[in-house]
């Protein structure tokens, strides 16, 4: 399993996370994973990926296919 180290975490965030961990009877690491799962499972990660795809589509020039699609279809039909 991967690990994550967070540097310069603001004290108020650490204290809020530690309080939630105590209330839920979890370790600080377990609570951090729980919070991340909740945050990322609401579609945020999907929205970020889609935004990146849209940005790339706007910025990149259209490319022509490396292979002729017509040729591929004809070869497939000839089989």
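The values are calculated or read from the model by the stated rules, or taken from the named source; none is laboratory data. No experiment lies behind these values; they were computed from the predicted model shown. Because the Cβ atoms are built from the backbone with ideal geometry, glycine has one as well, and the counts that use them run over all protein chains shown.
Brief remarks follow.
- Residues satisfying the stated conditions in the range 7-43, i.e. exposed (fewer than 11 other Cβ atoms within 10 Å of the Cβ) and modelled with pLDDT under 90: 37, 38, 39, 41, 42, 43
- Elements of the type helices (runs of 4 or more DSSP H) sitting completely within the range 4-79 and holding at least 3 residues that are touching a helix residue (DSSP H, G or I) at 6+ places or on another chain (Cβ under 7 Å) and without any contact (Cβ under 8 Å) to a residue 60 or more places away in the chain: these cover 11-23, 28-39.
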